[in-house]
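Take a look at the structure set out below.
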Amino acid sequence: MDWSELLKVVGALGGIASVSAGVAAFVGNLISSRAIESHKAKLVLQLETHKSELNSVADRQRLLLKRQELMFEREYIAASEFYRIFTEVMPDPWAPDLDWGDAQARIAENFHKHEAALKAFLISHSASLSQTVRRTVERAKRVAIEGVFEVGHDTGGEGYENNQTPHERVQKLVDEFYELVKEANTQIRLDLESGSFSRSKNTASI
């Protein structure tokens, strides 16, 4: 095809301007289509990334919930065990008209049992307790150990006779011991009711 024939074809198509406009429209549509496809691909990639992140967050939350459930179960067992220890500190009434002095003698005589119970409790449940509770129970255990020696010195290892009043030093140790186990029992129950020992700022890790 020579130049004159080409001009006739262009003329038949509406002239060079029309052809240029058509080519421009075609190229524009092609670029636009490719841009849309590229944008769609980016959106799909972003969506998959967000889904992966959300799944990761969900997995962490499920793990955290499971850990909290396990921790709560351990805390509940610890609270129940300590309540048993606490109730066994106070002796059952064995005669009418008993007073705190009578109870002091019985508590003092059982200092060695109380110390052993608290030691076993800490070994089994220390990880489930807040540092505040652990410190209180440790203090109660130390008082019980001191009480064992004081009672032995006070009684010559024979124990207290009925209606015998412990030495003033022993009475003070009994009072301190009882207040400490009562404080620990109260704090353990408050920790349990508030949610989890492990969520307090001064709590041991699992």
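How about the range 1-114: which helices (runs of 4 or more DSSP H) wholly inside it have at least 2 residues that are at pLDDT below 65, open to solvent by 90 Å² or more (accessible area, probe 1.4 Å) and over 30 Å from Arg169 (Cα atoms)? Write out each step before concluding.
Working: elements: 3-12, 16-89, 100-109.
In the range 1-114, the matching helices (runs of 4 or more DSSP H) lie at 3-12, 16-89.
Please go through the range 149-181 and pick out each residue that is touching a residue at least 60 places away in the same chain (Cβ under 8 Å) and hydroxyl-bearing (Ser, Thr, Tyr).
Thr165, Tyr178
For Ser196, work out the one condition from (1) within 35 Å of the chain's Cα centre (by Cα); (2) modelled with pLDDT of 90 or more; (3) surrounded by fewer than 21 Cβ atoms within 10 Å (Cβ to Cβ) it doesn't fulfil.
Among (1) within 35 Å of the chain's Cα centre (by Cα); (2) modelled with pLDDT of 90 or more; (3) surrounded by fewer than 21 Cβ atoms within 10 Å (Cβ to Cβ), Ser196 violates only (2).
Within the range 135-148, is even one residue farther than 17 Å from Tyr76 by Cα, without any contact (Cβ under 8 Å) to a residue 24 or more places away in the chain, part of a loop (DSSP other than H, G, I, E, B) and out of contact with any helix residue (DSSP H, G or I) (no Cβ under 7 Å at 6 or more places or on another chain)?
no
Filter the range 124-173 down to the residues that are among the aromatic types (Phe, Trp, Tyr) and either surrounded by 13 or more Cβ atoms within 10 Å (Cβ to Cβ) or at pLDDT below 90 (or both) and list them by number.
Within the range 124-173, just Tyr160 meets the criteria.
The values are calculated or read from the model by the stated rules, or taken from the named source; none is laboratory data. If you're wondering where the values come from, they're calculated on a predicted model, not measured in any experiment. Cβ: placed from backbone, ideal geometry, glycine included. Neighbour counts: every protein chain shown. Accessible surface areas use protein heavy atoms only, side chains included; no ligands, DNA or RNA. Shrake-Rupley method; radii C 1.70, N 1.55, O 1.52, S 1.80 Å.
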